[in-house]
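Novice: Take a look at the following structure, please.
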Amino acid sequence: MSALAEPTGAPVVDPRARRRRLLRRRFLRRPMAVAGLVVVLAFVVMAIFAPWLAPFDPSATDFNATFAHGTARHLLGTDEFGRDQLSRIIWGARASMQVGFLSTLLAMGIAVPLGMVAGYYRGWIDTVIARVTDVLLSFPFLILAVGLAAILGASLLNATLALGISAVPAFIRIARGETLALREEDYIPAAVVNGANDATIIFKHILPNMTSTLLVQATVTIPGAIVGEAVLSFLGLGVQPPKPSWGTMLQDAQQYLSQAPRLAVYPGLAIVLAALAFNVLGDGLRDILDPRTTR
Amino acid sequence: MPAPLLEVADLSVRFDTDDGPVHAVDRMSFTLGQGEVLGIVGESGCGKSVTCMSLVRLLPETATVSGSVVFDGRDLLALPLRRLRQVRGREISYVFQEPMTSLNPVFTVGHQIGEVLRRHLGLSRSSARARAIELLRLVRIPAADRRLDEYPHQLSGGMRQRVMIAIAVACDPKVLVADEPTTALDVTIQAGILDLMRDIRERLGTAIILITHNLGVVADVADRVLVMYAGRKAEEAPVAELFAHPQHPYTIGLLGAIPRPYEGEGTRARLQEIPGRVPSLRELPQACAFADRCPRADELTRSEIPPLREVRPHHVVACFHPGEDGA
Amino acid sequence: MGGFLIRRTGAALVVLVAASMLVFLGVRAIPGDPAIALGAENRDPAVLAAVRHKYLLDKPLPVQYGHWIWLALHGDLGVDQRELPVAHTIVTRLPISLELALLSMLVATLVGLPAGVIAAVRRGKPSDYAVTAVALVGLSVPHFWLGLLMIIWFAVDLHWLPASGYVSVAHPLANFEHMLMPALVLGAGLSAVLMRQMRSSMLNSLGADYVRTARAKGLSEWSVVCHHAFRNSLITVTTVMGLQLGALISGVVITETIFGIAGFGRLTIDAVNQRDYTLIQGVVLVSAAAYVFANLLVDVVYSLLNPRIRVT
C-alpha cells in the first residue's frame, strides 16, 4: 500500500490567474474607475492620432474668423489668430500625454532602483539616499524648472526633466517602503539558500511584487505631471508658443479674459478632465488592490 | 437562587461580507450570576470574542445581532445608544487582548483612567486624579503617582494590561468581560494578571466573563466553564465537574491535548490532536458542527443539530453521544 | 525629543549644503562664460574683469563655492541686472509671499480637516461621496485655471474683488480684498490633499483598538471621534503637510503670477524671463533654504504632537 496520498482529481487552480480574475471583477464593479480608464484611453488615442483627428492645422491662422464662437466649422471657436480651438486642444493632448508619461517613466527609472537599494541594504546607503531625496524635495518642480530653464532654455524637454526629477522622491519612498517589507518574506532566505545573489533577489523576487503599488503611484504622478506641464507652459517655462499646449493656450487666453473668457475655459476643462480621469482610475486601482477591500 | 445578573438568550451574530454571510454565533444562551466567574473556552474563530463584544453592541456595522441580552432587567440589544453608553464602562466593562494597541498612544495613563471617572461618576479633575492613583495601586502598579503622567509606550506589557484593568474596574462595574487578557503576555506575567483578577472578584464582587483558549487559565480562575465550537455552545458545567467528567468529544479532545508531565510509568502518552478543521461558518448546517471530526459521528449527528441536554447535575452538553470514555 | 531634533537639524544642514552646491553648479553649467551670466550680460571687458575678480572665477571650483557661500551668509547675493542688490529685493518680497502662504494654509486646514473627518465618520454615505468627489476635483483642477476663472467671475463680471495687485498689511481691508481670491485658490488645492489624507488617516484611527476601548468605556461618539481618533490622525496629517511645502512654494509662484502680486514667487518668474542669472541663483538658493527651514519647523511640530518622540 503506497504511503503517499492518492491524488484527489480536484482541478489545479493557478493562483495568479485567479487573482487577476478577482481584480478584473472588482474593477468592473466600480463604474467610476472604468469611466476613468475609458477617458484616459480616449486622451491617449487623441494624442497618438492627433494629425488624423484634428479638423484643422493647429497653427493655421484665419484672420477672417478670429474670436469665433462655437460654430459647425469651429466647434469650440477660434482664438485671436483665428486658430481652431478644438484642433489645438487635440494637439495639446500630445504635449500633455508625452510629458505625463515620459516624466513618470523617468522618475521611476531613477527612483525605483535607488529606493530598492536603500531598502535592501539599509545602513549608510539608506542614509545617503534619504539625504539625496531630501535635497531633491527642496527644489519644488517650479523652482527646478526655473533653474533648468536657465541652463537648458525653456522647452518640452525642460518640462519633462523638471517634472520627472520632482517625482523621484515619492517613488523612492514607495520603492524603499515596499522593499523593506518584502525583504522580510520567507521566500527570500529560501532563494538565498538556493544560491541567488543580491541582484537576482532584488529584480526577480522583490520587484515583481511591488508593481501594483508602483502602478498606483504612477496614476497619481501622471495627472500631476499633466497639470505641471500646463503650468510650466503657461509660465513660459515649458512648451513655447506657438506650439499647441493646454498651458500656452491658457497663457494666450489670459490677455483676453474680458473679451473671450471661453478661450480660458476649454483648455482648462481638458486639463481637469484628463487629470480627473487619471486620479479616479488611480483611486479605483488602489481600492481594488487593498487587501482590506471586501468588494 | 438569586436572579442572574446577565441573561443571554438565543444570541446570533451574522456578518455580511462580500462573499456572503458568515454566521459567527448561532443561538448562544447563557447566564451569569452575581460575582460569578464564567470561563468561555474555544479555539480561534469559534465565536467567543464576537459573543462577548455583542453584549454591549461593540461590533462593526456589518454585524447583525439578534436574540436578547437582559442585564439588570433591560434588554441591551434594544436599548437606545445613549442609554447603552451609560452601561458601557460603568456597569459592564471590558479588558481586551492587546494592551499596547488598546490604549491610546497619545494620552497619558492618568488621562485615560480619568476619562471614565469624569464621564460616569462626574468626578472633578482633581478627585479623578486621586481616584486614578488609588486604582493604580489596586492593580499593584508601583510608583502610581508617577505612572499617572506617563504614556502607554513607556510601560511594559504587563503594566499596560494592569492599567486596562484599572480602567475597567474604575466605576465598580457589575460585570467585567476579559477577552483573552493574558494571551499577548509572557507566561510569567500571566500568573500575575490572573491573580489580580481573582483579587478583584474577591474584593469588589465583580462578576467576570473570561474568554480564553487556554484551559489552564480557566482551571485556575473560573467557577463555571462554557465550551464553544463553531459558534454554538458545546458544553457547560462547573469547572471541577468539567475537568473531571467531560462529556462532549470536543472537550475530551481539548483536555487530551493538554501537555502533561511524564510521570515515568509505561510508555509516554501521545499528545492527542483533534483531526480535521473547524467548518466554514458560511452556512448553518442542520447537523452537529463537530461531526466531521468526531469519532462518535453517525447518521444522526450528520442530519440534526444536537440539542442541549443536562446529562449530569448542572452539566449540559449538545451531543447525541455524550460520555466520558475515550473518544 | 532633543535627540530627534538634533538629528533632524543635522540632516537639514546637510541638505542645505548639498542644495547650495547644486545651485552653485547649476549656474556654472549655463552655457557660455559665467562672467557674462553673473554680470548681467554686460560684455564690457572692465565689468567682466570686475565680475571675475569678485566671484574668484579664476580659482578652482571648491574655492569659488566657499567664497560664494561666505558672501551669501553675509547677506551678499550679488547684484541683479538693474544693479539692485538681490538680497534686498528678496527680503522685501518674501513677507508678501509668506502672508499668501500662511493664509492659504489657514484656508486649507479650516476646510480640509473637518471635511476629512466628516467623510471618514460617514463613510459610504452621501456626505462621504460628496466630500471625496470635491476633493478629487480639487486635486485635478490646476490652481492657475481656477484663479483665471475666479478672476473672470469675481473681478471682470461682478467687480466684487480686484483682479490683481497687492496692498500691504498696513491697510488691512484692502489687503484682505486683494488676498482673498489668491488665498482661496491656493488653499483649495491644498485642502483637497488634506481632506483625502485626513479621511484616510481617520479611517485608520477609527478602526484601531483604542477606539474600541474608548467605545467600550461608554464615551460619547463625539469624544471618540474628535478626541481619541482625531488626535492620532493629526500626527499623520502633520507629516503630509510637510510634504506639501514644496507644492505650496510652487503654488505661491503660480498664484502670484496670475494675480499680479509682486511677491517672491513672481520674482522667480521674472528672473527667468529676464535671464537675470544672478537673481535666479539667489532666488533658487533662498527657496531651497526656505523649504529646508520650513520642514524643520514641521519636524518640531510633529515631535510636539507625538508623545513617542516627545517623551522617551
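The values are calculated or read from the model by the stated rules, or taken from the named source; none is laboratory data. The structure presented is a predicted model; accordingly, all values stated were derived computationally and were not measured. For neighbour counting, all protein chains shown are included, and Cβ atoms are generated from backbone atoms with ideal geometry for every residue, glycine included.
Novice: Report yes if some residue within region C:128-150 is of a type in the set (Ser, Thr, Tyr), touching a residue at least 40 places away in the same chain (Cβ under 8 Å) and either under 24 Å from residue A:222 (Cβ atoms) or in contact with a Gly (Cβ under 6 Å, 6 or more places away or on another chain) (or both); otherwise report no.
Specialist: Yes, that holds for at least one residue.
Novice: Out of curiosity, is residue B:31 at pLDDT 90 or above, over 15 Å from the mean Cα position of the chain (by Cα) and not charged (D, E, K, R)?
Specialist: no
Novice: Then there's this: Looking at residue A:264, is it without any contact (Cβ under 8 Å) to a residue 40 or more places away in the chain and small (Gly, Ala, Ser)?
Specialist: yes
Novice: Could you grab me the full set of residues in region B:47-90 that are part of a strand (DSSP E or B) and under 14 Å from residue B:30 (Cβ atoms)?
Specialist: Of everything in region B:47-90, those that are part of a strand (DSSP E or B) and under 14 Å from residue B:30 (Cβ atoms) turn out to be B:67, B:68, B:69, B:70, B:71.
Novice: For region B:82-102, state whether one or more residues are touching a residue at least 40 places away in the same chain (Cβ under 8 Å), within 14 Å of chain C (Cβ to nearest Cβ) and over 24 Å from residue C:208 (Cβ atoms).
Specialist: yes
Novice: If you don't mind, there's one more thing I want to ask. For residue C:224, state whether it is of a type in the set (Val, Ile, Thr), part of a helix (DSSP H, G or I) and within 14 Å of chain B (Cβ to nearest Cβ).
Specialist: Criteria met by residue C:224.
Novice: Next question, about the same structure. Can you confirm whether region A:270-284 contains a residue that is without any contact (Cβ under 8 Å) to a residue 12 or more places away in the chain, of a type outside the set (Asp, Glu) and more than 16 Å from residue C:132 (Cβ to Cβ)?
Specialist: Yes, region A:270-284 contains at least one residue that is without any contact (Cβ under 8 Å) to a residue 12 or more places away in the chain, of a type outside the set (Asp, Glu) and more than 16 Å from residue C:132 (Cβ to Cβ).
Novice: Identify, from the list B:113, B:92, the residue that is surrounded by 14 or more Cβ atoms within 10 Å (Cβ to Cβ), within 17 Å of the chain's Cα centre (by Cα) and within 21 Å of residue C:211 (Cα to Cα).
Specialist: Being surrounded by 14 or more Cβ atoms within 10 Å (Cβ to Cβ), within 17 Å of the chain's Cα centre (by Cα) and within 21 Å of residue C:211 (Cα to Cα) holds for just one of B:113, B:92, which is B:92.
Novice: Here is a further query. Inside region C:257-267, can you point out the residues that are assigned to a helix (DSSP H, G or I) and more than 10 Å from chain A (Cβ to nearest Cβ)?
Specialist: Across region C:257-267, the qualifying residues are C:264, C:266, C:267.
Novice: When you go through B:150, B:61, B:115 one by one, which is the residue that is within 11 Å of chain C (Cβ to nearest Cβ), out of contact with any Lys or Arg (no Cβ under 9 Å at 6 or more places or on another chain) and over 30 Å from residue B:22 (Cβ atoms)?
Specialist: B:150
Novice: Of the residues B:165, B:209, which is out of contact with any Pro (no Cβ under 7 Å at 6 or more places or on another chain), within 14 Å of another protein chain (Cβ to nearest Cβ) and either surrounded by fewer than 20 Cβ atoms within 10 Å (Cβ to Cβ) or part of a helix (DSSP H, G or I) (or both)?
Specialist: B:165
Novice: Would you check which residues across region C:286-312 are more than 14 Å from the chain's Cα centre (by Cα) and in a helix (DSSP H, G or I) and list them?
Specialist: C:299, C:300, C:301, C:302, C:303, C:304, C:305, C:307, C:308, C:309, C:310
Novice: Can you pull out the residues in region B:95-141 that are outside any helix (DSSP H, G or I) and within 13 Å of residue B:161 (Cβ to Cβ)?
Specialist: Selection gives B:95, B:96, B:97, B:98, B:103, B:139, B:140, B:141.
Novice: Here's something else I'd like to know. Output the number of the condition that residue B:122 fails; it satisfies all remaining conditions of (1) crowded, with 19+ Cβ neighbours inside 10 Å; (2) farther than 30 Å from residue C:304 by Cα; (3) more than 18 Å from the chain's Cα centre (by Cα).
Specialist: Condition not satisfied by residue B:122: (1).
Novice: Given the conditions (1) at the interface with chain A (Cβ under 9 Å from one of its Cβ atoms); (2) surrounded by fewer than 18 Cβ atoms within 10 Å (Cβ to Cβ), which single one is not true for residue C:254?
Specialist: (2) is the only condition that residue C:254 fails.
Novice: Yes or no: region B:172-184 includes at least one residue that is out of contact with any Cys (no Cβ under 6 Å at 6 or more places or on another chain), more than 25 Å from residue B:155 (Cα to Cα) and of a type in the set (A, V, I, L, M).
Specialist: Yes, some residue in region B:172-184 is out of contact with any Cys (no Cβ under 6 Å at 6 or more places or on another chain), more than 25 Å from residue B:155 (Cα to Cα) and of a type in the set (A, V, I, L, M).
Novice: Another one. What's the number of the only condition in (1) within 10 Å of another protein chain (Cβ to nearest Cβ); (2) closer than 13 Å to residue C:81 by Cα; (3) among the charged types (D, E, K, R) that residue C:270 fails to meet?
Specialist: Of (1) within 10 Å of another protein chain (Cβ to nearest Cβ); (2) closer than 13 Å to residue C:81 by Cα; (3) among the charged types (D, E, K, R), only one is false for residue C:270: (1).
Novice: Okay, next question. Return only the number of the condition from (1) surrounded by fewer than 18 Cβ atoms within 10 Å (Cβ to Cβ); (2) touching a His at 6+ places or on another chain (Cβ under 7 Å); (3) more than 16 Å from residue C:224 (Cα to Cα) that residue B:78 does not satisfy.
Specialist: (2)
Novice: I would also like to ask the following. Does residue B:184 meet the test of being touching a residue at least 40 places away in the same chain (Cβ under 8 Å) and part of a loop (DSSP other than H, G, I, E, B)?
Specialist: Criteria met by residue B:184.
Novice: Further, regarding this structure: Taking region A:234-254, which residues are touching a residue at least 12 places away in the same chain (Cβ under 8 Å), more than 11 Å from every other protein chain (Cβ to nearest Cβ) and either farther than 27 Å from residue A:164 by Cα or out of contact with any Lys or Arg (no Cβ under 8 Å at 6 or more places or on another chain) (or both)?
Specialist: A:238, A:239, A:240, A:242, A:243, A:245, A:248, A:252, listed by residue number.
Novice: Please find, among A:162, A:181, A:196, A:107, the residue that is more than 14 Å from chain C (Cβ to nearest Cβ) and touching a residue at least 24 places away in the same chain (Cβ under 8 Å).
Specialist: Going through A:162, A:181, A:196, A:107 in turn, just one is more than 14 Å from chain C (Cβ to nearest Cβ) and touching a residue at least 24 places away in the same chain (Cβ under 8 Å): A:107.
Novice: Could you list, in sequence order, all residues of region C:180-218 that are of a type outside the set (A, V, I, L, M) and over 30 Å from residue B:117 (Cα atoms)?
Specialist: Selection gives C:182, C:187, C:189, C:191, C:196, C:197, C:199, C:200.
Novice: Any residue that is within 30 Å of residue A:54 (Cβ to Cβ), part of a helix (DSSP H, G or I) and within 18 Å of the chain's Cα centre (by Cα) - is there at least one of those in region A:234-246?
Specialist: yes
Novice: Which residues, counting only those in region C:154-179, are within 13 Å of chain A (Cβ to nearest Cβ), in contact with a Phe, Trp or Tyr (Cβ under 9 Å, 6 or more places away or on another chain) and either of a type in the set (Phe, Trp, Tyr) or over 24 Å from residue A:230 (Cβ atoms) (or both)?
Specialist: C:154
Novice: For region C:1-20, name all the residues that are within 9 Å of chain A (Cβ to nearest Cβ) and either in contact with a helix residue (DSSP H, G or I) (Cβ under 6 Å, 6 or more places away or on another chain) or closer than 17 Å to residue C:57 by Cβ (or both).
Specialist: Those that are within 9 Å of chain A (Cβ to nearest Cβ) and either in contact with a helix residue (DSSP H, G or I) (Cβ under 6 Å, 6 or more places away or on another chain) or closer than 17 Å to residue C:57 by Cβ (or both): C:12, C:14, C:15, C:16, C:18, C:19.
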